[in-house]
Amino acid sequence: MALFPIEFWLSLDESVRLRSEDLMLKSIDEGQYVVKSKKCVKGAAGTWARDLIHTSPMKRDYLVTLLRKLDSSDKTEQDYVLEYFYYTLLSEFNEMKDWAVTPKFVKLIEIKVKAGDRRFFNFAQTAISAYNGFWEESLKQSIDTFKEFEETSPEEPIIDIPF
C-alpha cells in the first residue's frame with residue numbers, strides 16, 4: 001500500500017481491518033474507470049485493496065466482486081478491474097487453481113477473447129506467459145484464433161444547415 005507498509009496494516013486490530021476492508025470492497029463494487037480520460041470516476045478507495053487482498057480474510061469476497069465486475073456489460077467496470085487489479089487477479093487465481101469459481105473465471109476470459117476483446121486477449125496472453133498451469137491449456141486455442149472486434153464509433157450527426 002502506498003499510504004503505509006503492508007506490515008503496518010497487518011499489525012492493526014482485526015476489527016479495524018475488517019471494517020476498512022468492507023468499505024474498500026463496497027468501493028470496488030461501485031468502481032468505474034474511463035480509459036479515454038484515464039480517470040477513476042468511482043471506487044477510488046477500493047484501489048487501496050489491491051496490495052492487501054492476498055493477506056485478507058475477505059480474499060474470496062474481493063475476488064468474486066472483481067470477477068462479477070469483469071463479467072459486467074459496463075465497460076467502465078471491466079476497465080476498473082483491468083486497470084487496478086490486473087496482476088492481483090492473475091496471481092490470486094493462479095494460486096487458487098482448485099477454487100470452485102476459478103474455472104468460471106477462466107471461461108469468462110476465454111469468452112471475451114473469442115468475442116474479439118483486445119483487453120481480455122492481452123490479459124490471457126499475460127496469464128499464459130507469466131504463470132504456469134491451467135491458463136495455458138484453457139486459453140491457448142482462443143488466443144490462437146483471436147480476431148479483434150473493432151468497435152464502431154457513432155457516426156457524426158449530419159447538421160442540417162437552414163439555408
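The values are calculated or read from the model by the stated rules, or taken from the named source; none is laboratory data. All values derive from a computational prediction rather than experimental measurement. With ideal geometry, Cβ positions are generated from the backbone for all residues, glycine too; neighbour counts draw on all protein chains shown.
If I filter region 37-59 down to residues being within 14 Å of residue 77 (Cα to Cα) and free of Cβ contacts under 8 Å to residues at least 12 places away in the same chain, which single residue comes out as surrounded by the fewest Cβ atoms within 10 Å (Cβ to Cβ)?
38
Looking only at region 71-99, residues that are more than 20 Å from residue 141 (Cβ to Cβ) and either of a type in the set (Phe, Trp, Tyr) or part of a helix (DSSP H, G or I) (or both) come to 19 in all.
Looking only at region 81-97, count every residue that is within 14 Å of residue 65 (Cβ to Cβ) and surrounded by fewer than 20 Cβ atoms within 10 Å (Cβ to Cβ) and tell me the total.
Residues flagged as within 14 Å of residue 65 (Cβ to Cβ) and surrounded by fewer than 20 Cβ atoms within 10 Å (Cβ to Cβ) within region 81-97 amount to 1.
Inside region 128-163, residues that are at pLDDT below 85, among the hydrophobic types (A, V, I, L, M, F, W, C) and either surrounded by fewer than 10 Cβ atoms within 10 Å (Cβ to Cβ) or assigned to a loop (DSSP other than H, G, I, E, B) (or both) make up a count of 4. Residue pairs whose Cβ atoms lie under 7 Å apart, sitting 6 or more positions apart in sequence or on different chains, and linking a residue in region 1-29 that is surrounded by 11 or more Cβ atoms within 10 Å (Cβ to Cβ) to a partner that is at pLDDT below 80 and not in a helix (DSSP H, G or I), are 9/1. Residue 37 meets each of the listed conditions (1) farther than 25 Å from residue 96 by Cβ; (2) in a helix (DSSP H, G or I); (3) not charged (D, E, K, R) apart from (2). Please determine, by comparing only the residues of region 100-116 that are part of a helix (DSSP H, G or I) and modelled with pLDDT of 90 or more, which one is farthest from the chain's Cα centre (by Cα). Out of the qualifying residues, it is 114. Annotation: residue 40 fulfils all but one of (1) closer than 22 Å to residue 91 by Cβ; (2) under 13 Å from the mean Cα position of the chain (by Cα); the unmet one is (2).
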